[in-house]
Amino acid sequence: MKDYHLTVLSNRQVSDRYWHMIVDSSVVEERIEPGQFFNIKPTNHETYYPLLRRPFSIYLINEDTLEFLYKVDGPGTRQLARYKPGEKINLLGPAGVPFTMSKDCNKVLLLARGVGIATLAALAQKAARMNIEIYAILSARKQDDLLATKTMEKYCTNVYCVTEEDGTSDVEHVREMIRDLMETYPIHAAYTCGSRRLSMLLQKMSKGNGITGQVALEEYMACGMGVCYSCVCDVKRHGVTQTVKSCEDGPVFPLEEVVFE
Amino acid sequence: MKKGLKMAVDIGGMTIANPVMPASGAFGEGMDKLIDFNLLGALVPKSITKYPQRGNRNPRACETQGGMINSIGIQSKGIDHYLQETIPYYEQYCAPLISSISAESIDEFVEMSNIIASVPSVVALELNISCPNLKNNGQAFGMSDAITYQLVDRVRETTDKPILVKLTPNVTDIQSIALAAERAGADSLVVANTPLAMAIDIHSRRPKIGNVMGGLSGPAIKPIIVRQIYQVHEVSRLPIIGCGGVMTANDAIEMMLAGASAVQVGTANFVSPTAMIDIIQGIQTYMEEHQLYHIDKLIGGVMVRNQWEKDYI
């Protein structure tokens, strides 16, 4: 992890609530993996509001650029949306434990909700490079929020979209979809991000089908570097519940370990 | 550093190379990738408790205008882990190690102080008698001068090492608490901890902190802390470590002018992990610009009305 000042190459609104930022990452020497995040300072101005950095998972990882897809819904993301191409932005990272994907995997399932789609897009990008077949279920409140669908379609074998708007995103319907996929294909691993309810669903179904899984958690972070203990969550390891830090011990955890209730 | 510039300060018998150190709870091993710990005045890891404890429920932090509220509840791996893992880790650095202790009772403070003070590499103890995030609705030992006296007096019997007492700002008269700690044998006062605060999400109507209330930190609280440093400096001979809202060198200098000998930096580390190093360099630049060759010249150097009127006339 390092403190970087990277050049913004592009920062534009892509839907009603979402923005897409591309930064020049050619000076970043560290290896960046899907599931990791950068803790971004929302503004270049000397101001104490917003005060803290904001953690953003990486949307796409390219040779010399990094992409972030973010929802504008508070003072921090509103400031982030003001960055213009050519300006420098302060990022701390790459931070956190990434997703892991075995070379023996042939078929994986991705289950994403809302901005969690951005987090799993980086994993889809990596899996596609490994020639792994990817089946993705993308869930959002409305069609307009399914903005990474085209990216996912580029990398995935099949992409299924569900929304509240269409009345297709309820847990029961998603359960049927996952069951169909698991029965039709020998899914080897499952990954999820963006919804506690869907994570719990996938946890049960993965366990029932003997599939390994991982989840990227989205807890509120203050420091993002393992110091403050704000972003903790509970995991159960060897029958013992432990309180661990999402920023340092995660944000990616084995799905079967996370205590969601 | 420019030759002849003296940044070292004395904190109750302990000389530190410069007056900047982290605030307990806002500093840890994860930061070693980002800054050189050897450059800091001292190292203050998170408060240690006797037994492992899981801390408070989520959400544990929220941002406010110019600050943040936290209620971590001192998540801790307990004293055994501290002795076996934490202290040996910090021993690799030349900056002195100050151990911050949090306990449930006076007896427990005494017991833990006795154990930790016996470790040669621990240079001083900081008694956290002021954490607002534990039980009893934000109450802390440091809210009572009688309990503060009793607690510090008992710990004093266990060690000759410097004892730093971290006061709470959540009191009506901080001077009486400071004097109680001084009479009981404290070597230095940390002024202060976080003021008890609360924030509500107006849409869900829920408190933004799982524990309902928490401690406010960050630039929003600095004027309160500067005032309390000034008040404590007026009545106490003890060196003061200012703590609360230091973001820049100017903030640190302001606290020193109010009477602090050193400062602790907390929330600023989250915004900029190099904040403490930047503050040390900024103080140095200020000293050069104002031709101050000894940092002691800053301490308590505020000129209140009668002083500047005299100078002017």
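The values are calculated or read from the model by the stated rules, or taken from the named source; none is laboratory data. Predicted model only: the values in this text are computed from it and were never measured. Reconstructed Cβ throughout: ideal geometry from the backbone, glycine too, with neighbour counts over all protein chains shown. Ligands, DNA and RNA are excluded from the accessible area calculation, which covers all protein heavy atoms including side chains. Shrake-Rupley method; radii C 1.70, N 1.55, O 1.52, S 1.80 Å.
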| request: Name, by its number, the condition in (1) without any contact (Cβ under 8 Å) to a residue 12 or more places away in the chain; (2) open to solvent by less than 10 Å² (accessible area, probe 1.4 Å) that does not hold for B:R205. | output: (2)
| strands (runs of 3 or more DSSP E) fully within the range A:171-242 counting 1 or more residues that are over 18 Å from A:T119 (Cα atoms) and more than 12 Å from chain B (Cβ to nearest Cβ) | A:212-216, A:232-237
| Which strands (runs of 3 or more DSSP E) sit wholly inside the range B:10-64 and have at least 3 residues that are within 13 Å of another protein chain (Cβ to nearest Cβ)? | B:61-64
| query | Do we find that B:G4 is surrounded by 17 or more Cβ atoms within 10 Å (Cβ to Cβ) and small (G, A, S) in this structure? | reply | no
| Quick one: is A:G213 over 19 Å from A:G93 (Cα atoms) and open to solvent by 20 Å² or more (accessible area, probe 1.4 Å)? | no
| note | Selection from the range A:243-259 of residues within 13 Å of chain B (Cβ to nearest Cβ), among the aliphatic types (A, V, I, L, M) and out of contact with any Lys or Arg (no Cβ under 8 Å at 6 or more places or on another chain) yields A:V244
| field | Residue among B:I79, B:I48 that alone is in contact with a His (Cβ under 9 Å, 6 or more places away or on another chain) and buried (at least 17 other Cβ atoms within 10 Å of the Cβ) | value | B:I48
| note | Out of (1) part of a loop (DSSP other than H, G, I, E, B); (2) surrounded by fewer than 19 Cβ atoms within 10 Å (Cβ to Cβ); (3) modelled with pLDDT of 95 or more, the one B:Y89 does not meet is (1)
| message | Just to check your reading of the model, which residue among B:A199, B:A220, B:A180 is modelled with pLDDT of 95 or more, more than 17 Å from B:S24 (Cα to Cα) and open to solvent by less than 10 Å² (accessible area, probe 1.4 Å)? | response | B:A180
| Enumerated helices (runs of 4 or more DSSP H) restricted to the range B:232-313, each holding at least 1 residues that are at pLDDT 95 or above and not charged (D, E, K, R) | B:249-258, B:267-271, B:275-289
| remark: When A:N44 is run through (1) within 13 Å of chain B (Cβ to nearest Cβ); (2) open to solvent by less than 10 Å² (accessible area, probe 1.4 Å); (3) part of a loop (DSSP other than H, G, I, E, B); (4) in contact (Cβ under 8 Å) with a residue 12 or more places away in the chain, the failure sits at (2)
| query | Would a scan of the range B:128-147 turn up a residue that is at pLDDT 95 or above and open to solvent by less than 10 Å² (accessible area, probe 1.4 Å)? | reply | no
| field | Leading residue by the ranking (nearest to the other protein chains (Cβ to nearest Cβ)) among those in the range B:257-279 that are over 10 Å from B:L34 (Cβ atoms) and among the hydroxyl-bearing types (S, T, Y) | value | B:T267
| field | Positions within the range A:1-25 being in a loop (DSSP other than H, G, I, E, B) and closer than 26 Å to B:G30 by Cβ, in sequence order | value | A:M1, A:S25
| task | Starting from residues that are of a type outside the set (S, T, N, Q) and closer than 21 Å to B:I106 by Cα, keep the ones in the range B:65-78 and report whichever is farthest from the other protein chains (Cβ to nearest Cβ). | result | B:G78
| note | Out of (1) outside any loop (DSSP other than H, G, I, E, B); (2) under 21 Å from B:G259 (Cβ atoms), the one B:L216 does not meet is (2)
| For the range A:95-131, which residues satisfy the criterion of being part of a loop (DSSP other than H, G, I, E, B), crowded, with 18+ Cβ neighbours inside 10 Å and modelled with pLDDT of 95 or more? | A:G96, A:P98, A:F99
| If A:Y155 passes every condition in (1) at pLDDT below 95; (2) touching a helix residue (DSSP H, G or I) at 6+ places or on another chain (Cβ under 6 Å); (3) open to solvent by 10 Å² or more (accessible area, probe 1.4 Å) but one, which one does it miss? | (1)
| task | Could you tell me whether any residue of the range B:188-202 is touching a residue at least 40 places away in the same chain (Cβ under 8 Å) and more than 29 Å from A:S230 (Cβ to Cβ)? | result | no
